[in-house]
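The values are calculated or read from the model by the stated rules, or taken from the named source; none is laboratory data. This one's a predicted model, so the numbers in the text were calculated from it and none came from an experiment. Cβ coordinates were reconstructed from backbone atoms using ideal geometry, including for glycine residues, and neighbour counts include every protein chain displayed.
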Amino acid sequence: MDHYDAIIIGSGQAGKPLATTLGKAGWKTALIERAYIGGTCINYGCTPTKTMFNSARVAYLARRAADFGVHGGDVRVDMKEVRERKQRVVEEFRESGLKGIKKTENLDLLTGDAWFTDTHAIEVKLNDGAVRTLTAEKIFINTGGRPAKPNLEGIDEAPPLDSTSIMELDELPEHLLVLGGGYIGLEFGQMFRRFGSEVTIVQQAKQLLGREDPDVAEAVREVMEEDGIKVLLDTKAVRVKSEGTKINLIVRTTDGEQTLTGTHLLCAVGRKPNTEDLKLAAAGIETDTYGNIKVNHKLETNVAGVYALGDVKGGPQFTHISYDDFRIIRTNLLEGGNATTDERFVPYTVFIDPQLGRIGINETEAKDKGLNVRVANLKMNSVARAIEMSETRGFMKAIVDANNQQILGAAVLGVEGGELMAMFEIAMMGKLPYTVLKEGIFAHPTLAESLNNLFMAMDR
């Protein structure tokens with residue numbers, strides 16, 4: 001039995017930096033990883049998807065070249081080359097992370113599967129077949145999540161793609177059926193449409209992106225349809241039937257049942273935590289009905305000295321939130337601080353094109369809370385830089401507290417919407433009134449100067 005100061009299960013965007021930080025601080029630390037360094041983000045999420053999406057954007061711009069007075073030949077997408085490019089980037093990130101771990105003192109990397117045998121005891125079956133038992137006063141769970149599979153009749157007879165397997169295709173789907181109109185479904189739907197697939201998105205809710213304001217969701221739908229994607233709202237998948245190389249998806253709409261026929265089916269209906277194999281009951285660690293590990297605002301489980309970080313605890317499932325979980329642990333355990341998850345900002349970007357950047361509360365939430373707010377709106381076709389780039393789709397909106405002029409939230413559906421959103425976030429972090437952005441001097445012609453016009457429009 002090997003005793004450590006800390007055991008970290010999972011090398012995701014919280015686990016890996018925590019392991020190296022504790023090691024550098026002199027803690028004898030064990031980092032257990034059963035697959036690849038970097039977790040979902042580097043291996044199956046942000047890095048590969050955004051790498052592939054940029055290949056798709058190049059194809060999109062190449063087809064639009066004539067709009068800019070540039071004329072070329074036919075555009076051809078080689079999916080094998082797209083996949084190989086993606087894999088090169090992923091492996092570069094993996095190798096960089098592995099090098100950082102290997103050069104960190106006091107840090108042991110164990111490759112294999114881990115599970116609890118007691119509150120502070122872990123058993124690890126290494127990939128070479130050996131089994132080790134480890135103990136520690138501090139244990140951190142960062143095992144992430146994986147794509148959820150819908151409970152749908154016939155789904156196993158026509159094995160669907162998920163957000164991981166779809167990136168391994170060497171051939172372009174003729175017709176991709178996408179089940180789910182959230183972030184993942186939209187990103188992959190638009191990506192493969194730009195690669196050249198016919199795409200149909202099936203969304204059970206009455207709008208895409210169920211957490212967004214209706215006007216934002218509607219604008220996103222318009223973007224999808226302008227790109228040639230068929231979007232079916234208020235449509236429930238009933239069953240799946242496979243016929244040779246074809247997949248029939250039977251759906252129920254307000255007009256009754258109909259059959260959609262495609263060559264591939266992508267299920268993008270959410271994710272589930274990787275907790276089943278951890279044997280949490282042996283340690284008495286509590287989970288919710290979905291399997292997410294319950295934590296308090298300091299990321300502590302109900303078992304003293306055991307913490308959960310990142311996607312495995314539920315809540316916002318973003319890389320930057322996982323990394324901030326690491327910051328909270330670092331601050332509290334190494335710096336004597338009192339950091340919590342209370343009232344932290346949760347920015348995010350949906351990497352469709354144009355991007356949707358979001359921060360703070362939206363207009364719907366403000367009204368539900370009975371807040372006295374003002375709403376600023378500006379279409380991107382009124383933004384000089386967007387016009388010059390021929391990227392005028394979308395709009396931006398900001399929610400302002402009418403009592404103190406503070407920005408409460410913003411949505412930017414537009415070219416580099418995620419970068420523009422960050423400017424709102426910085427203002428919110430600094431508690432600046434919206435008037436500072438309204439009167440700020442921003443270089444011309446940049447997208448940033450649109451903040452002047454956004455808030456001037458609200459005050460007219």
Any chance Glu105 is charged (D, E, K, R), under 30 Å from Gln190 (Cβ atoms) and surrounded by fewer than 15 Cβ atoms within 10 Å (Cβ to Cβ): no
Among residues of region 264-309, those that are assigned to a loop (DSSP other than H, G, I, E, B) and either touching a helix residue (DSSP H, G or I) at 6+ places or on another chain (Cβ under 7 Å) or at positive phi (or both), counted: 13
Scope region 315-332; condition of a type outside the set (Lys, Arg), modelled with pLDDT of 95 or more and surrounded by fewer than 18 Cβ atoms within 10 Å (Cβ to Cβ); matching residues: His320, Thr331, Asn332
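This table checks each residue for (1) in contact (Cβ under 8 Å) with a residue 60 or more places away in the chain; (2) more than 27 Å from Val223 (Cβ to Cβ); (3) over 22 Å from the mean Cα position of the chain (by Cα).
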| site | (1), (2), (3) |
| --- | --- |
| Phe395 | yes, no, no |
| Gln406 | no, yes, yes |
| Gly409 | no, no, no |
| Val412 | no, no, no |
| Gly417 | yes, no, no |
| Phe442 | no, no, yes |
| Asn453 | yes, no, yes |
Residue pairs meeting the criteria (Cβ under 6 Å; at least 6 apart or on separate chains; first closer than 15 Å to Phe140 by Cβ, in region 285-296; second assigned to a strand (DSSP E or B) and not polar (S, T, N, Q)): Ile293/Ala308; Val295/Ala308
Residue count for region 310-353, restricted to those that are touching a Leu at 6+ places or on another chain (Cβ under 6 Å) and part of a loop (DSSP other than H, G, I, E, B): 1
Qualifying positions in region 73-84 - in a helix (DSSP H, G or I) and surrounded by 14 or more Cβ atoms within 10 Å (Cβ to Cβ): Met79, Val82, Arg83
Selection from region 269-314 of residues that are of a type in the set (S, T, N, Q) and crowded, with 16+ Cβ neighbours inside 10 Å: Asn274, Thr275, Thr287, Asn292, Thr301
Flag if Gln207 is surrounded by 16 or more Cβ atoms within 10 Å (Cβ to Cβ) and assigned to a loop (DSSP other than H, G, I, E, B): yes
Which listed residue, of Arg83, Arg88, Arg34, Arg57, is farther than 30 Å from Asn127 by Cβ and of a type outside the set (Val, Ile, Thr): Arg57
